[in-house]
Structures are given as structure tokens and as C-alpha cells.
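Structure, as C-alpha cells:
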Amino acid sequence: MGKMTMNSYLQMSISVLSKSRSALSAREILDAAYRLQIVPEHLFGKTQHKTLHARLSEDILRNRNNSVFTRTAPGRFALRHPSGSDREARGEYVAPQRSYQLKQFDVFCAEAHEFASYTRQTGSLILFRLISPLFRKQMSLRRADKDKKLARLRLLVIIRFKDHILTVTALDAADTGSGRSLGFLGYIKGDDANLFSVESFGVDAAARRTVAEQSAAPSTLIEALERSTESDALRCMWMDEVDGKHRSVVLFTEFECRDPDEFLSYIPAHRSPRWTRVPAEINDFSSLEPISRKLMVAEGREAIL
């Protein structure tokens, strides 16, 4: 049997998901299809699940609400109408690309002028605990975009393996600019902190959620990431307006990865993920997106890199 067409992948997925009571990952769909003997054995290579994940995501992106499939969580797929069109559709998880475009989530903001004493040290990293009390406002990102006097709280999640750092292509809709990023760029959202959070902003929850949103890594792998920066030692950096982008304070948090090959396998191929020795293997700082570029030249960057 030759290579499967996109339609073959989708038909196979429909057959598997119609028999499942819960959402499945692409890998789980393939494993079930193998047990059901509805795909030939020779199609089960190491990256076959990535191809299936891409096909399902493409169908959802192209057909939107008309797609047979829905994404219920990062990397989890289900049939939109499990038992026919007369059943209520399942809830849909909004992927980070669409989430950034919709800008309907709450972020933390502060008055930009309150950072005047810190912005004079534009090349330095700042202890976040010194300026965290300034972030007293919480509003939707869409609303924050309309006020140029505000600074938003951003997040850069750095994933390290020994002397290497995971670098990826920045999301097109990440509101930072194009180029490679030294980790996953995101936001600390208003609902990341809860009654059980040790940190007032829920940084750890925000970081792991950001990784989950931008990869297909299972929750067990994300929870296994070891955080290597204590709350009181978290550092941040002021980003003035660049190319029309809004002012922001970028908070850095770092995690250690135990299995680099497995983790890399869950990052979408279009983001060109790779482990990079920093700064030795970065030949051109201009190839980095603005936040990562500034971090590379910031005084005190050794605290992160």
C-alpha cells in the first residue's frame, strides 16, 4: 500500500475517535488504528504521529466549525459531534496562534511611566520582585492594545538541556516580531494564579501552560520539567516600543529538560526547533526576535544564559 493521502488520515481518525469516549492524541489515534488493523504496519515510523497531528490541525484550521474534528486541549483531538449531528458539539480548545489573534484573554498591565527609573538601565536585567507591585491592572489584551501608556507583562519560558537551550521560530501572532526565540514567548494570563499558587502571578502555572499551548508534549512530560529559578530570583527586562510593538516587561523563567530528543519530537516542525549552545552557536543576533536579541546583549544575561 502506498503513502496515505490526507483524506485517508482523516477517515482513519474518524473511525478511531468514533469508538473513543475521550479525546486522543495523534500518537494514541495511530496506536488504536494499529490495534484495529485499519492501517498497514509499515506506516508506523517514528514521526508518523507528527504527520497525523499536522493533518488534523490543518483540517480544523481550514474548515473551522465545519470540521469533523475539534481540539479539546493541546494535542488532543475528538469528533466535534461524537454520535451524530443531533448531539451537542464538544468544547474547542483555542490554539495559541488563534488565541493571540483574538486577544480575548486577560493580561497584567502597569503604567509605563512608573518604570522610568528602571528604563534608564536599558541594558540590565531587573529582579522581578522589585517591580511586581506595579502590575496592578488586569484587562483583556485587546483592550490593553488600545492604551499606549500601558506596559504589559510578558513571559519567556527558557528550556535548557545541559549547556544547550531550545530555540524556536517565534509565532507569527506573538506580538513580538519575527526571528528565532530563546524559548517559548507568551503571556502571564489573569487566571494562571489561584488560591493554591505560591506566587501571586502564578508564574509556574503560566510557564507550563505556555509550553502546553505551543507543543504537543503530554502533561506528564511538562510536569517533569524541573524549574531552575526560584521565585525571589526571577529576573525581567524592560522592552520599549519596537517596530510599533507595545511596551512590555518580559519575565524570564527557566526549566531543565531530562530527555531532549523526546521533548523536541513534540514541537511543531514549522517552528524549526533545535537545541542551541548559547551564545556560541548564534552567529547573527539579528536573526533573533527582539526580546531574545536584547537578552543576548543585556548586561547580567549570565543570570539566565
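The values are calculated or read from the model by the stated rules, or taken from the named source; none is laboratory data. Nothing here was measured: the structure is a model prediction, and the numbers come from that model. We place every Cβ from the backbone using ideal geometry, glycine too, and count neighbours over all the protein chains shown. To get the accessible areas, we keep the full protein, side chains included, count just its heavy atoms, and leave off ligands, DNA and RNA. Shrake-Rupley method; radii C 1.70, N 1.55, O 1.52, S 1.80 Å.
Would you please name the residue that is farthest from THR47 (Cα to Cα), looking only at residues in region 228-268 that are within 19 Å of the chain's Cα centre (by Cα) and of a type in the set (Asp, Glu)?
Ranking the qualifying residues of region 228-268, first place goes to GLU254.
Might you let me know whether region 186-200 holds any residue that is under 9 Å from the mean Cα position of the chain (by Cα) and buried (at least 19 other Cβ atoms within 10 Å of the Cβ)? Quick ask: steps written out before the conclusion?
From region 186-200, those under 9 Å from the mean Cα position of the chain (by Cα) are 186; that's our starting set.
Filter once more, so that each one left must be buried (at least 19 other Cβ atoms within 10 Å of the Cβ): 186.
Within region 186-200, one or more residues are under 9 Å from the mean Cα position of the chain (by Cα) and buried (at least 19 other Cβ atoms within 10 Å of the Cβ).
Give the residues of region 135-189 that are outside any strand (DSSP E or B), of a type in the set (D, E, K, R) and either touching a helix residue (DSSP H, G or I) at 6+ places or on another chain (Cβ under 6 Å) or without any contact (Cβ under 8 Å) to a residue 60 or more places away in the chain (or both), sorted by residue number.
Going through region 135-189, the residues outside any strand (DSSP E or B) turn out to be 135-136, 141-149, 162-163, 170-179, 182-183, 188.
Subsequent filtering for residues that are of a type in the set (D, E, K, R) retains 136, 142-143, 145-149, 162-163, 172, 175.
Across region 135-189, the qualifying residues are ARG136, ARG142, ARG143, LYS146, ASP147, LYS149, LYS162.
Scan region 278-291 and give yes if some residue there is open to solvent by less than 50 Å² (accessible area, probe 1.4 Å) and among the hydroxyl-bearing types (Ser, Thr, Tyr), otherwise no. Working first, answer last.
Applying the first criterion (open to solvent by less than 50 Å² (accessible area, probe 1.4 Å)) to region 278-291 yields 278, 282, 288-291.
In the following step, the residues that additionally are among the hydroxyl-bearing types (Ser, Thr, Tyr) were identified as none.
No, region 278-291 contains no residue that is open to solvent by less than 50 Å² (accessible area, probe 1.4 Å) and among the hydroxyl-bearing types (Ser, Thr, Tyr).
Step by step: first the residues of region 210-230, then only those that are polar (S, T, N, Q) and either touching a residue at least 60 places away in the same chain (Cβ under 8 Å) or open to solvent by less than 10 Å² (accessible area, probe 1.4 Å) (or both), then the one that is farthest from LYS294 (Cα to Cα). Which residue is that? Talk me through it step by step, then tell me what you get.
As a first pass, look at region 210-230 and keep what is polar (S, T, N, Q): 210, 214-215, 219-220, 228-229.
Cutting the leftovers down to either touching a residue at least 60 places away in the same chain (Cβ under 8 Å) or open to solvent by less than 10 Å² (accessible area, probe 1.4 Å) (or both) gives us 210, 214-215, 228.
On the way: THR210: 21, GLN214: 22, SER215: 25, SER228: 22 Å.
That would be SER215.
Of all residues in region 140-158, how many are open to solvent by less than 20 Å² (accessible area, probe 1.4 Å) and not small (Gly, Ala, Ser)? Please lay out each step first, then the result.
Just the residues of region 140-158 that are open to solvent by less than 20 Å² (accessible area, probe 1.4 Å), to begin with: 141, 144, 150-158.
Those still in the list that are not small (Gly, Ala, Ser) too: 141, 150, 152-158.
Residues that pass the stated criteria total 9.
If a residue must be of a type outside the set (Val, Ile, Thr) and touching a residue at least 60 places away in the same chain (Cβ under 8 Å), how many such residues does region 47-72 contain? Step through it out loud before you land on a result.
Filtering region 47-72 for residues of a type outside the set (Val, Ile, Thr) gives 48-50, 52-59, 61-67, 69, 71.
Then drop every residue that is not touching a residue at least 60 places away in the same chain (Cβ under 8 Å), which leaves 50, 53-54.
Final tally of qualifying residues: 3.
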